[in-house]
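Throughout, read-outs are computed from the coordinates displayed, never taken from laboratory work. This one's a predicted model, so the numbers in the text were calculated from it and none came from an experiment. Cβ atoms come from the backbone with ideal geometry, glycine included; neighbour counts cover every protein chain shown.
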Amino acid sequence: MTSGKFFNKGVMALDAPHIGYVVRETKDKIVIFGDGDERYDVLKSEIQMVSRNVLIGLPFHEIVRRYKKSRSHPLPISKPAAKWVFTHDVDLATYEKKYPKSLFNKGVRTKDEEHVGHVMKETDKKIVVWGHYDWRFDVPKSKIVAVGRNVILDMEYSEIFKYKVDRNSPLPTGEPVASLAAEQG
């Protein structure tokens, strides 16, 4: 279970005042999105101190060497996927009811194949995407043209900025952004 203790906090290294923000917290690690395409999946055991920011007890070059990941890889999850064993013939509708289709945690790309970020929240009408440079985009679902491993948006990368919002703004549902931490666990 995730406590959400680190979610949305700034992150510092021993020799760097800002390396990014925590966008995901699992049982044993935090995921940090830094500037540009930077992403670090850092073990919680490396955290030296937490106050207004999270201090990683390593110099920045060591964090990069040990924990740098590609932003296009799926984000880690806290909840293990429950295995569902069929004991008898089951129709597809029963399966879909037990495991509803969700866009949560899928990568988001534009039609010109640029990586935008990952879906952190889905509502009836919008997806909340955490992207590069700690940007957040609240994109209408009507802009989605395909869903597979990634969500593909019917726009060029330059058009995504029409949907940029402050990352600390309330979610489209009116909830505070901190409520995402509770949903992740």
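Quick look at the values:
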quantity: Filter result for the condition that a residue is of a type in the set (D, E, K, R) and within 21 Å of Ile32 (Cβ to Cβ), over Lys143, Lys164; calculated: Lys164
quantity: Filtered residue count, segment 147-161, keeping only those that are of a type in the set (D, E, K, R) and in a helix (DSSP H, G or I); calculated: 1
quantity: Tabulated pairs, segment 157-179, first at negative phi, second of a type in the set (A, V, I, L, M) and assigned to a helix (DSSP H, G or I), C-beta under 8 angstrom, 6+ apart or interchain; calculated: Leu171/Leu180
quantity: Within segment 1-46, tally of residues that are in contact (Cβ under 8 Å) with a residue 40 or more places away in the chain, farther than 19 Å from Leu180 by Cα and part of a strand (DSSP E or B); calculated: 4
quantity: Residue satisfying all of: in segment 105-149; of a type in the set (Gly, Ala, Ser) and in contact with a strand residue (DSSP E or B) (Cβ under 7 Å, 6 or more places away or on another chain); nearest to Val22 (Cα to Cα) among these; calculated: Gly131
quantity: Residues located in segment 135-146, provided they are surrounded by fewer than 18 Cβ atoms within 10 Å (Cβ to Cβ), assigned to a helix (DSSP H, G or I) and of a type in the set (D, E, K, R); calculated: Lys141
